[in-house]
1. So, Asn99, is that one of a type outside the set (Asp, Glu) and free of Cβ contacts under 8 Å to residues at least 24 places away in the same chain or not?
2. Which pairs do you get when a residue that is free of Cβ contacts under 8 Å to residues at least 60 places away in the same chain, found in segment 288-302, comes within reach of a residue that is near ligand 1 (Cβ under 9 Å from one of its atoms) and open to solvent by 50 Å² or more (accessible area, probe 1.4 Å), reach meaning Cβ atoms under 6 angstrom, with the pair 6+ apart or on two chains?
3. I'd like to check something: does segment 119-134 contain any residue that is surrounded by fewer than 19 Cβ atoms within 10 Å (Cβ to Cβ), of a type outside the set (Lys, Arg) and assigned to a strand (DSSP E or B)?
4. What is the residue count in segment 91-107 for residues that are open to solvent by 50 Å² or more (accessible area, probe 1.4 Å) and not in a helix (DSSP H, G or I)?
5. Quick test of your reading of the structure: Arg407 fulfils all but one of (1) part of a strand (DSSP E or B); (2) at pLDDT below 85; (3) open to solvent by 10 Å² or more (accessible area, probe 1.4 Å). Name the failing condition by number.
6. Against the conditions (1) touching a residue at least 12 places away in the same chain (Cβ under 8 Å); (2) away from ligand 2 (no atom under 16 Å from the Cβ), where does Ala382 fall short? Just the number, please.
7. Of the residues Ala359, Ala334, Ala322, Ala354, which single one is in a helix (DSSP H, G or I), more than 14 Å from ligand 2 (Cβ to nearest atom) and more than 19 Å from the chain's Cα centre (by Cα)?
8. Among the residues of segment 362-372, write down those that are over 27 Å from Arg411 (Cβ atoms) and either near ligand 2 (Cβ under 10 Å from one of its atoms) or open to solvent by 40 Å² or more (accessible area, probe 1.4 Å) (or both).
Amino acid sequence: MQYTVLGRTGLEVSRLGFGCMRLPMKSDTQIDRGLAIPMLHRAVELGITYFDTAVGYCAGDSQRVLGEAMESMRDRVVLSTKNHHYDKTDKDGWWRNLNDSLERLRTDHIDVYNFHGMNYERFEAAVDGEDGLYREVLKAKEQGMVRHICHSFHGSLDSLKKCVETGLFESVTVQYNLLDQSLEEGIAFAAEHGMGVVIMGPVGGGRLGYPTGKAQEIAGEVKSTPELALRFVLSNPAVNVALSGMSTMEQLEENVETVANLGELTPEDHRRIEAAVEERKKLAGLYCTGCNYCMPCPDNVDIPANFEILNLDRVFGLSDHARTRYATLGGKAALCRQCGKCVELCPQELDIPARLGEAVSLLDERSGSVAGWGELTGGSAAADGMLSLRLRYHVKNFTESTFSRVRVSLRSHREEQIAPAEFDFSTLKGFGRRHRDITVTTTPPMESLSVDSVVTFDDSHTIEHLSYAVVTASKRAGGKSNDSLLERPASPLVHVPSAIHPVHLSKQGPSAHSYDFALDYDDGSLYLWVEVEDDMKFLAETAPTGRIRADYFRVFFDGRAKDRLGLGGYGDGVFHVTVCPPADSGIDAWVVVSNGEEVSARTERTPFGYILGCAIPWSAFGGDNGAREVMAFDAVLVSHDADGNEQVRLSWTGREQQERDTSTFGRLVLI
Ligand code: SF4
Ligand code: SF4
């Protein structure tokens, strides 16, 4: 192993760091300790001394496992973790994160404590100044809870340099790899200013870890692309530590061997790599420089991000990885309606719409089909008691063909009036998208609304299975208090019937089982009830250790601004709420939102099961200035057997295994 001094922290650390964000998982929420802990111990044995984690890694379990593994060898390792709290009006929240991290890591101090994902805008808004969070971290340092004040970074080169110039941070953790060298100058700048430099994603977030012929060509003499990727990063003299998010013992041993035998890449190696990367981009006809001149797209297509992903496939041959990245991308190429407005803005003169069509063909799982879907865009209640819901109905062509006539007819499950119930689009271009705004009216009490649509194109092909559901939530008249959590509204304005059928239940024997949701809100919180029939006890005889027990619900809320609903994965504005039902142990239900915040929860036994209730403060939905008239909403029930193995996974909308795709969420209108 090679060692280095981490800038002005003065800490001596191994050049290979262990990134604890991809530890092997036993389930969605639990790391497989039987695999992970021996791996972490082996890492120490092999000389790794730098371990990096964060509150949310591995569904919140990473800090715990690292703490369990390192408790007996704390003085041999440097622990780095992060605080993602940027609300300076809520200093308690920042301290809660720190104290929780110390507890989970089973230590009384954190060596490298990072502001998580900082950039200069965040620094100015929340960290700097008399009332900023830097004051808090200084206090923590004075109390010995934190040894070195650092930050991780996501942002532009200019922003990184400004952060360095503040002189307030001892090291920075930043993205840099063979495929993304955009911050190289900033890394050198940080090192010149005495900061330690830690690289995350040295193997391109795993993508250079895939064996691929094209990447291997670039690797040349080097044994494997992961080896080349690590050598590339560590041969940069400004870099102290390369973090690798290792998931297997094999990766660990291979990476340690690479760093132990680290030979510097020669200038000739560097030239060859750069020339090969540039050449391939040109050959692929997709030389997008990421300049952003074409942005913003009126339809929210993230053009450069789509091209970066397309390049992973076309230039580097990383097809599987490209498809995985595309699946969680906000602003997918599929949103493009081929209007052509971006074309004249591109200095590289790329035929952007055509290339986006190519991205759809190669990367979008719906490629080759035509789709239609409704999106709830708003709602209102009229004085005469009529409720009116506004829907935007989209049709999208995932093929190259142009259709001359596309007809859509809508049918409600419950006889609500829909106007218009049928409409046409005269043409639908290859890869094009069209939409029509329609209004659905009904009389209260409004319950959920389910709509089937039939799309016929060119009077020949018909797709009939397009069905979607929308729900409304009512505003509570009074204020909120924990005691009122379980007061169901007199007339439940939201009551989403369960789509679960007993036949879906586990092999251990079906039973009468269903769940309903109810939602309402006031100015402070969103209130959620889940009413479960059947206590699922047959699946929960022995609860696994930790707080998540055998059965739980996950409810997903997309709380971003209306025009961004449904874009991207859970990383940006989508919160999952985990609701665990009560058990005979007397432990009450508990609820955690995905930013780690615990919220108040109550349970009530009923003759048939129980009701869970919780109030989720709007602050939990993040800082995206979401105008919360409309939210996206989805729910999944997960049941585990006594050994903690997942047995049943039921989705409200029946989209098993697809819950990472927020574009398929149902919509919720707050009336
Ligand atoms: S052609 Fe597509 S990507 Fe370009 S502006 Fe129009 S919708 Fe956006
Ligand atoms: S303008 Fe052209 S080169 Fe620049 S980001 Fe858009 S597509 Fe890429």
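1. Details: of a type outside the set (Asp, Glu): yes; free of Cβ contacts under 8 Å to residues at least 24 places away in the same chain: yes.
In short, yes.
2. Note: pairs meeting the criteria are Tyr293/Leu345; Cys294/Leu345.
3. no
4. 1
5. Going through the list (1) part of a strand (DSSP E or B); (2) at pLDDT below 85; (3) open to solvent by 10 Å² or more (accessible area, probe 1.4 Å), Arg407 breaks only (2).
6. The failed condition is (1).
7. Being in a helix (DSSP H, G or I), more than 14 Å from ligand 2 (Cβ to nearest atom) and more than 19 Å from the chain's Cα centre (by Cα) holds for just one of Ala359, Ala334, Ala322, Ala354, which is Ala334.
8. Keep residues of segment 362-372 that are over 27 Å from Arg411 (Cβ atoms), which gives 362-364, 367.
Of everything in segment 362-372, those that are over 27 Å from Arg411 (Cβ atoms) and either near ligand 2 (Cβ under 10 Å from one of its atoms) or open to solvent by 40 Å² or more (accessible area, probe 1.4 Å) (or both) turn out to be Leu362, Ser367.
The values are calculated or read from the model by the stated rules, or taken from the named source; none is laboratory data. It should be emphasised that the depicted structure is a prediction, and the values quoted were computed from it without experimental measurement. For neighbour counting, all protein chains shown are included, and Cβ atoms are generated from backbone atoms with ideal geometry for every residue, glycine included. Surface areas here come from the heavy atoms of the whole protein model, side chains and all, with no ligands, DNA or RNA. Shrake-Rupley method; radii C 1.70, N 1.55, O 1.52, S 1.80 Å.
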